[in-house]
Ligand code: ADP
Ligand code: GLC
């Protein structure tokens with residue numbers, strides 16, 4: 001089976017969040033199960049240095065009058081993953097993140113930038129024979145690829161099968177009608193049962209509307225998004241398409257995320273040899289000038305700082321837990337108010353709180369390895385990867401009961417036989433505090449902590465399982481089996 005996976009970011013080439021981890025690991029796991037997969041993504045600055053066997057591919061055309069769009073082909077060295085890069089200097093050769101300029105605002109022409117990614121994917125899907133590689137199925141991810149199925153629907157009745165994965169329904173790629181008109185799409189599709197969303201274009205809606213199957217990144221989120229509370233205005237359409245909607249839980253790349261062989265940790269440790277985890281804790285306390293005290297529980301955060309992630313709740317309860325002896329190491333960036341809040345509290349309590357604003361891959365591993373607990377108090381969470389990484393590191397996650405967090409972390413009411421973390425219900429400081437209190441209580445019981453860590457570290461969320469589920473879905477879409 002030949003599968004073209006299309007995404008706007010991919011680890012280790014370019015990453016702003018979990019989508020990159022998924023796009024980097026899922027196709028490798030699918031390859032290992034015999035699938036012939038290639039990934040298509042934009043040629044952003046700096047990524048060619050990390051690509052091997054680079055070759056110039058064909059010119060595809062000039063859909064929006066910004067110059068020829070061509071393909072480059074190459075491979076990721078470690079995994080051998082085959083890539084195609086959409087090369088359009090006018091659209092992609094810019095400083096900033098894949099989505100935002102240096103001023104922190106969305107690029108004005110993101111509709112054309114990701115329209116071009118979708119358009120290029122559609123050209124490959126349509127004319128693959130000319131490239132000697134014709135996909136049987138195209139797997140799109142998030143709004144940046146949402147126009148791909150629309151182009152294919154408009155161009156031809158005969159097209160490869162289409163699967164569309166929603167990683168986050170909140171980001172839906174909304175643009176104005178005058179921007180829609182830039183994209184070479186017919187006016188006839190700009191209607192409520194097409195791509196129109198309250199008078200504007202929704203690229204995410206396009207992906208949902210025109211694909212054969214829709215997935216989300218956890219079974220629980222697949223249910224949640226069919227309700228008005230989590231549906232972001234698309235719950236009606238998702239209920240309408242519910243026969244074609246399913247949830248496949250993301251995986252973890254245990255080559256990258258394992259305390260046994262993590263090159264960034266001060267000391268490796270194992271499920272049955274947890275003692276060196278303390279050295280990683282001391283290392284973190286040292287590095288940030290926190291009190292060097294093994295008896296103080298250390299809580300970690302690695303996250304985008306946004307409303308979604310519920311970090312305002314952490315800010316609310318921090319002073320109370322600092323006074324109870326807890327320490328916090330926080331890494332993230334995003335909303336200015338949250339960044340400033342965490343920076344200020346670190347200035348007030350330098351022995352108890354360390355805040356790093358920015359993006360730091362290495363530090364994210366050290367926080368996973370060195371903390372006792374890991375906080376993910378999200379208001380909603382399609383899957384969430386960091387809590388799964390934390391489980392592997394025996395850093396007990398404290399999560400809200402939502403989306404993929406509810407599918408991956410367990411806390412029983414009466415019994416700790418299955419417990420792997422701490423789970424709270426409502427997104428309030430009160431409920432988060434109660435969960436932190438339970439964690440602090442467990443911390444004072446070393447025997448219980450040891451047992452919970454073992455239970456957490458034994459969880460297996462490998463990509464093999466997820467890849468198997470995707471391949472089964474592809475087969476059912478293609479052959480009805
Ligand atoms: P989301 O994609 O919603 O941000 P996920 O939990 O799915 O959340 O994935 C986040 C990914 O980004 C994880 O790999 C996490 O370690 C990483 N990450 C988030 N913020 C930072 C940061 N400031 N520095 C380094 N890595 C980060
Ligand atoms: C999104 C979601 C996150 C998920 C990630 C990868 O960024 O917010 O929950 O883990 O995509 O699927």
Open item on the list: Please go through segment 3-21 and give me each residue that is more than 8 Å from ligand 1 (Cβ to nearest atom) and under 18 Å from residue 143 (Cα atoms), ordered by number.
Closed with: 4, 5, 6, 7, 8, 9, 10, 14
TODO: Examine segment 374-385 for a residue that is near ligand 1 (Cβ under 10 Å from one of its atoms), at pLDDT 95 or above and at positive phi, and state whether such a residue exists.
DONE: yes
TODO: Could you check how many residues of segment 12-48 are farther than 14 Å from residue 72 by Cα and in a helix (DSSP H, G or I)?
DONE: 15
Task: Filter pass, residue 316 being assigned by TED's automatic domain parsing to the domain that holds residue 429, over 26 Å from residue 97 (Cβ atoms) and in a helix (DSSP H, G or I) - done: yes
Open item on the list: Cβ-Cβ under 6 Å, sequence separation 6+ or interchain: first residue in segment 5-26 and closer than 15 Å to residue 216 by Cα and at pLDDT 95 or above, partner in a helix (DSSP H, G or I) and near ligand 2 (Cβ under 10 Å from one of its atoms). Which pairs?
Closed with: 7/23
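If you go through segment 227-252 one residue at a time, how many are under 30 Å from residue 390 (Cα atoms) and surrounded by 13 or more Cβ atoms within 10 Å (Cβ to Cβ)?
Taking segment 227-252 and keeping what is under 30 Å from residue 390 (Cα atoms), we get 227, 229-232, 245-252.
With surrounded by 13 or more Cβ atoms within 10 Å (Cβ to Cβ) added as a condition, the list becomes 230-232, 245-252.
Residues that pass the stated criteria total 11.
If we keep just the residues of segment 396-417 that are more than 23 Å from residue 369 (Cβ to Cβ) and at pLDDT 95 or above, which is farthest from ligand 2 (Cβ to nearest atom)? Spell out how you get there, then give the answer.
To start, the set of residues in segment 396-417 that are more than 23 Å from residue 369 (Cβ to Cβ) comprises 400-403, 406-407, 412-417.
This time we only want the ones that are at pLDDT 95 or above, so: 400-403, 406-407.
Details: 400: 12, 401: 15, 402: 10, 403: 7, 406: 12, 407: 11 Å.
Result: 401.
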Open item on the list: Return the residues of segment 299-317 that are within 12 Å of ligand 2 (Cβ to nearest atom) and free of Cβ contacts under 8 Å to residues at least 60 places away in the same chain; say none if nothing qualifies.
Closed with: 306
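For segment 432-454, which positions are within 15 Å of residue 314 (Cβ to Cβ) and either assigned to a loop (DSSP other than H, G, I, E, B) or more than 26 Å from the chain's Cα centre (by Cα) (or both)? Step through it out loud before you land on a result.
Restricting attention to segment 432-454, the residues satisfying the condition of being within 15 Å of residue 314 (Cβ to Cβ) are 432-437, 439-440.
Residues satisfying the conditions are 433, 434, 437, 439, 440.
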Task: Residues satisfying the stated conditions in segment 1-43, i.e. over 24 Å from residue 134 (Cβ atoms) and crowded, with 20+ Cβ neighbours inside 10 Å - done: 9, 13, 14, 18, 19, 20, 21, 22, 24, 25
Open item on the list: So, in segment 360-383, exactly how many residues are within 16 Å of ligand 2 (Cβ to nearest atom) and either within 18 Å of residue 216 (Cβ to Cβ) or more than 18 Å from the chain's Cα centre (by Cα) (or both)?
Closed with: 7
Task: Some residue of segment 30-47 being within 16 Å of ligand 2 (Cβ to nearest atom), farther than 22 Å from residue 207 by Cα and either modelled with pLDDT of 95 or more or assigned by TED's automatic domain parsing to the domain that holds residue 167 (or both) - done: yes
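Looking at the structure I just gave you, is residue 146 at pLDDT 95 or above, assigned by TED's automatic domain parsing to the domain that holds residue 62 and within 16 Å of ligand 2 (Cβ to nearest atom)? If you could, list the steps in order and put the result at the bottom.
Working: at pLDDT 95 or above: yes; assigned by TED's automatic domain parsing to the domain that holds residue 62: yes; within 16 Å of ligand 2 (Cβ to nearest atom): yes.
The answer is yes for residue 146.
Any chance you could count how many residues in segment 247-291 are under 20 Å from residue 346 (Cβ atoms) and either modelled with pLDDT under 95 or not in a loop (DSSP other than H, G, I, E, B) (or both)? Walk me through it before giving the result.
From segment 247-291, those under 20 Å from residue 346 (Cβ atoms) are 281-291; that's our starting set.
Still in the list and also either modelled with pLDDT under 95 or not in a loop (DSSP other than H, G, I, E, B) (or both): 281-288.
Total meeting the criteria: 8.
Kindly evaluate residue 344 against the criterion of being farther than 24 Å from residue 168 by Cβ, surrounded by fewer than 20 Cβ atoms within 10 Å (Cβ to Cβ) and within 9 Å of ligand 1 (Cβ to nearest atom). I'd like the intermediate steps shown before the answer.
Values: farther than 24 Å from residue 168 by Cβ: yes; surrounded by fewer than 20 Cβ atoms within 10 Å (Cβ to Cβ): yes; within 9 Å of ligand 1 (Cβ to nearest atom): no.
Here the answer is no, as residue 344 does not meet what is asked.
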TODO: Would you be able to say whether some residue in segment 164-181 is surrounded by 16 or more Cβ atoms within 10 Å (Cβ to Cβ), in contact (Cβ under 8 Å) with a residue 24 or more places away in the chain, away from ligand 2 (no atom under 16 Å from the Cβ) and in a strand (DSSP E or B)?
DONE: yes
Open item on the list: Taking the condition of being within 19 Å of residue 405 (Cα to Cα), touching a strand residue (DSSP E or B) at 6+ places or on another chain (Cβ under 8 Å) and surrounded by fewer than 18 Cβ atoms within 10 Å (Cβ to Cβ), how many residues in segment 455-481 meet it?
Closed with: 1
- [ ] For segment 359-370, indicate whether the set of residues that are within 25 Å of residue 225 (Cα to Cα), assigned by TED's automatic domain parsing to the domain that holds residue 311 and near ligand 1 (Cβ under 8 Å from one of its atoms) is non-empty.
- [x] no
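The values are calculated or read from the model by the stated rules, or taken from the named source; none is laboratory data. Everything numeric in this text was worked out from a predicted model, so none of it was measured. Methodologically, a virtual Cβ is constructed for each residue, glycine included, from the backbone with ideal geometry; neighbour enumeration extends over all protein chains shown.
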